[in-house]
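What follows is a single structure, written as structure tokens, with notes after it.
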Amino acid sequence: MRRHPAALLVLGAMTALATAGACSPSTGAGPRASAPFLATPVADLAVRLPSVGEGHRAGPRENGRAVMGADPLAPRLASGPDTDRDAVARLEGDPRPAPARTAGARLSLDDRMVLTAARGVYHETLLHHPGARAYLAARGIPEQVVRRCRLGYADGAALRPSLERHRLGVRRATELGLLWPRGGETLAGRIVVPELRGGQCVWMLGRALDEGQEPKYVGLSLPKPILGHDRVQGRRWVMVVEGAFDYLTGVGWGLPVCALLGTHVRAERLAVLERAERVALVFDQDAPGQQAAAALAARLGPRATSVSLPDGVKDLSELGVRPAGRAWLTARLGALGFAVDDADDRRLAWSSSPSPNT
């Protein structure tokens with residue numbers, strides 16, 4: 001008796017399932033480990049955690065591993081295909097890490113574990129590095145901000161041994177931009193400012209401790225996020241600044257602040273400002289900064305207000321080291337109608353103590 005082709009397909013699929021009962025349902029290949037956390041390296045686990053409001057629907061996968069679902073804590077990071085220039089550079093022996101690829105524009109669980117582990121190593125190193133701590137104090141960054149923002153210092157030697165000791169992916173750390181392919185740490189000799197989402201690290205920026213070191217700032221091989229996303233999400237008013245140290249100054253003063261980490265920003269990165277009724281733009285006072293502030297104000301409409309700093313002050317970070325800097329900004333924002341008294345609440349302000357610079 002001749003069977004319909006569709007029936008043959010169904011029969012073949014049922015036979016395959018019956019003979020592959022030992023395969024993992026999350027990977028579709030390989031035996032399912034009975035106790036994976038006892039013997040399997042973390043980087044090899046095929047684990048997917050359902051996100052808030054997602055239920056149990058299947059999610060995107062990367063290299064056979066599930067990636068984090070679309071939840072309020074997941075970073076909206078996108079990595080496009082390599083350019084011809086990137087490909088040629090690697091063929092010619094360019095030591096820079098290749099741009100990280102994240103399926104579905106999301107970080108995988110492994111990525112988050114690697115980044116958060118690196119954040120811990122750098123933070124612990126900073127707490128025992130007098131030179132790095134003295135630099136931050138000179139920039140007006142108080143101890144509360146150092147600890148709450150989990151600032152770190154990369155000494156160039158501690159990260160790789162720590163990753164290997166905890167059986168985390170050294171190869172993936174290289175792809176993310178933490179390590180050079182030929183050895184060494186990409187952020188070595190730099191103050192490290194992490195971006196935290198729900199307590200997990202999703203990106204890092206390194207600032208050279210030595211003023212003669214170039215480039216002054218180095219980020220990971222991932223698109224830049226908004227620094228301070230969780231701090232401003234859902235706030236009635238938000239202060240937007242340019243740089244990482246401008247952001248840290250605002251955090252020290254208990255303000256709902258975030259940083260663009262530059263003067264150009266894509267529209268999707270501004271989604272965090274959608275619910276803000278008012279936005280204060282405190283950009284650098286040079287020509288590029290003021291042009292960027294004007295362009296962003298035009299995009300945000302009447303709810304945006306550009307805030308000029310005192311003569312001779314380049315940016316908020318520079319204002320932060322002046323004795324009356326905080327009092328000046330508080331008065332200026334208040335005069336523009338921003339409810340500064342309501343900004344320093346216990347829900348978002350990590351340091352309720354006055355800054356040493358006031």
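The values are calculated or read from the model by the stated rules, or taken from the named source; none is laboratory data. Bear in mind the structure is a predicted one, so any value in this text is a computation, not a measurement. FYI the Cβ positions are ideal-geometry reconstructions off the backbone, even for glycines, and counts take in every protein chain you see. Keep in mind that these areas ignore ligands, DNA and RNA; they rest on the heavy atoms of the full protein, side chains included. Shrake-Rupley method; radii C 1.70, N 1.55, O 1.52, S 1.80 Å.
Globularity index of the range 121-171 is 1.29 (Cα radius of gyration / 2.2 N^0.38 Å, N = number of residues). In this Cβ point-charge picture (+1 for Lys and Arg, -1 for Asp and Glu), the range 189-276 has a dipole of about 320 debye about its Cα centre.
Over all distinct Cα-Cα pairs of the range 207-345, the Kirkwood formula returns a hydrodynamic radius of 15.4 Å. Of the solvent-accessible surface of the range 207-257, computed with a 1.4 Å probe over protein heavy atoms with every protein chain present, carbon and sulfur atoms account for 49 percent. With Cα atoms defining each centre, the range 248-276 and the range 194-211 are spaced 15 Å apart in the structure. Computed about the Cα centre, the dipole magnitude for the range 212-347 is approximately 320 debye when only Lys and Arg (+1) and Asp and Glu (-1) carry charge, each at its Cβ. Take each peptide in 132-140, 249-257, 159-167, count the other Cβ atoms within 10 Å of every residue, and average; sorted highest first, the result is 249-257, 132-140, 159-167. When the Cα positions of GLY184, GLY206, PRO225 are compared along the charge dipole of the range 154-260, PRO225 comes out farthest toward the positive end, with charges on each C-beta of Lys, Arg, Asp and Glu. Estimated from the Cβ-Cβ distance and a Förster radius of 25 angstrom, the FRET efficiency linking ARG236 and ALA138 is about 0.15.
A DSSP coil position with no more than 11 other Cβ atoms inside 10 Å describes the following GluC sites (Glu not before Pro) in the range 234-280: GLU274, GLU277.
Backbone N atoms of the range 139-153 closer than 17 Å to the 7 Å Cα→Cβ label point of LYS216 belong to residues 139-141. Here r is the Cβ-Cβ distance between VAL321 and ARG275 and R0 is 25 Å; the resulting FRET efficiency, rounded to 0.05, is 0.15.
Extension gain for HIS166 to ASP341 (0.36 nm times residue separation, less C-alpha to C-alpha distance): 58.5 nm.
Scanning residues 5 or more positions from LEU281 or on other chains, those with amide H under 5 Å from its amide H are VAL240, THR305, SER306, VAL307, with H placed 1.01 Å from N in the peptide plane.
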